[in-house]
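First the structure, in the form of structure tokens, and then the observations on it.
The values are calculated or read from the model by the stated rules, or taken from the named source; none is laboratory data. Since the structure is predicted, the reported quantities are computational estimates derived from the model, not experimental observations. We place every Cβ from the backbone using ideal geometry, glycine too, and count neighbours over all the protein chains shown.
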Amino acid sequence: MTLDSRYWTLLRLDNAGRCGRHPIAAARTWLHHQLDQGAVTLTEEAQPLETWLLQRWQVRGRKDDDSAMALLCLRCYVSHGIHRACGQLAQKFGATYQFRSEDLYPYGLDDDGQPLGVYRPLTVHILDTYQPDRTRLESWAIHVTRNHSELNQFLLEQGMYRATDWSILNDTTVEQVARILGEFHRLSSAEVTAAQTLLIAYHQVYRRDRLRQRQQGQGGRCAVPTETQLNQINGTLLPAVVLGQLQALADWLRQYRIHARGGLLPTTALETLPGMEPAAPALSEAETTQVDFLKTYQQQFQDNLAVAAETVLGEYCTKLRRKKRPPRDGPFLKAMALFHCEGESLGAIAPHIGLKTQVQVTRLLNLSRLRSDVRDVLLPRLQSAIQTEVLAVTSAERLETIAAALNHLLTEAVDEVMDEAASEARSPQRRRPRSRLARQLCQSLHGLSPELP
């Protein structure tokens, strides 16, 4: 029987961020030697080889050469599970939330196949937490990847919060509903009261039945309420109507959770502005208008962010050429590219641009001031552009009513982009930057100077 190449071929990213297959000759040679020596036998099932590799890795305190090679083979194998998990997420949700599997790879395929140091890649975390008696290794790799915090933070930024409507309703309190719908979504007191009444009835029925299920040993994700449960929640309406009301409430709560957890999605909040509430399912024309507006908003945000980044970078280069002797615009652009495109630390950048210390690089880049300047260019442009787009879906009178709320939401959205970039810049473990501003700066830098790294 042929040895599965996944045990000696690592899936990892190259310097350009592309996923590729990287055969590891040492792992292949070692595995074939073990097979020749009869240490393990191949069968139609992968489990015996997995089990043997796990045992061989864990023997002797994981310190001998054979243990290290067993771990390397397992890391290779697990990388394929991570790759598969990213593909599954992209296939199921990518079109809706506008991401590809390639966008997810940097969050999971972080293993370069080198001997382990201080940093522990996701492959090793998966192996450390794996319990063979509960599931197969590939299934565990997929499960851990799909629940990886950094990957899910990216999905949040795309507007994807991976929880069912029913679990959201189940763990939201009546007091939270009042605050979220009243303060965040700006609904009327009557609408808030109606939502609270609905949630109380839902809790009384759904939580009761959920508790019974757990007592009987039935777990799993929260399922859609049954027709019986819907009748018990509100027997005066058709079950389908009650279901729609619950889904609408869950959607309000989901939008808030995306916002509260750092999702860079003002589009979600924009749906909740007075006069722009999500249309009822039957209003297909209104739904189409809303979707078109949100797509336009996303494009406007990206386009204006690009203009702001290019404008500020251009102004900085002009000042550095005029005021510094010798001109420092070249070192500035190179340092910006190394920091925002390659993830180099400020200290490591210094010798590349003819400086001696990290402090000198910090002064040259002045990242805090740069982010502030990008914000100052972006925000007024975005507010003007979005108000123009809003006029296409509502009246001028309605726009005047919601203008303050709209500008507040846009301000929050822009500030979140800047805060994310600031947090990433302060991280002691520098990796290839992923924040929205860093990605845009990197793109703009290469537009100004294509020869940059």
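What to note about this one:
- Candidate set from the range 96-141 (those that are assigned to a helix (DSSP H, G or I) and polar (S, T, N, Q)); member that is nearest to residue 50 (Cα to Cα): 139
- Residue 29 being at pLDDT below 85, more than 24 Å from residue 140 (Cβ to Cβ) and either among the small types (Gly, Ala, Ser) or surrounded by fewer than 18 Cβ atoms within 10 Å (Cβ to Cβ) (or both): no
- Those residues of the range 338-353 which are assigned to a helix (DSSP H, G or I) and not aliphatic (A, V, I, L, M), in sequence order: 339, 340, 347, 351, 352
- Of the residues 410, 406, 445, the single one that is buried (at least 16 other Cβ atoms within 10 Å of the Cβ), of a type outside the set (Gly, Ala, Ser), modelled with pLDDT under 80 and assigned to a helix (DSSP H, G or I) is 406.
- Filtered by the rule that a residue be over 14 Å from residue 150 (Cβ atoms), among the hydroxyl-bearing types (Ser, Thr, Tyr) and buried (at least 19 other Cβ atoms within 10 Å of the Cβ), the range 98-127 gives a lone residue, 123.
- In the range 354-386, the residues that are in contact (Cβ under 8 Å) with a residue 24 or more places away in the chain and in a loop (DSSP other than H, G, I, E, B): 355
- Residue among 164, 193 that is under 23 Å from the mean Cα position of the chain (by Cα) and either crowded, with 19+ Cβ neighbours inside 10 Å or of a type in the set (S, T, N, Q) (or both): 164
- Every residue from the range 78-89 that is surrounded by fewer than 18 Cβ atoms within 10 Å (Cβ to Cβ) and of a type in the set (Gly, Ala, Ser): 87
- Among the conditions (1) farther than 30 Å from residue 4 by Cα; (2) of a type outside the set (A, V, I, L, M); (3) at pLDDT 85 or above, the only one that residue 140 does not satisfy is (1).
- Of the residues making up the range 41-74, those that are surrounded by 13 or more Cβ atoms within 10 Å (Cβ to Cβ), assigned to a loop (DSSP other than H, G, I, E, B) and either modelled with pLDDT of 75 or more or out of contact with any Ser or Thr (no Cβ under 9 Å at 6 or more places or on another chain) (or both) number 1.
- Residue within the range 5-26 that is at pLDDT below 80, under 30 Å from residue 342 (Cα atoms), touching a strand residue (DSSP E or B) at 6+ places or on another chain (Cβ under 9 Å) and not assigned by TED's automatic domain parsing to the domain that holds residue 439 present: yes
- Pick from the range 142-188, criterion assigned to a loop (DSSP other than H, G, I, E, B) and of a type in the set (S, T, N, Q), ranking: nearest to residue 433 (Cα to Cα): 158
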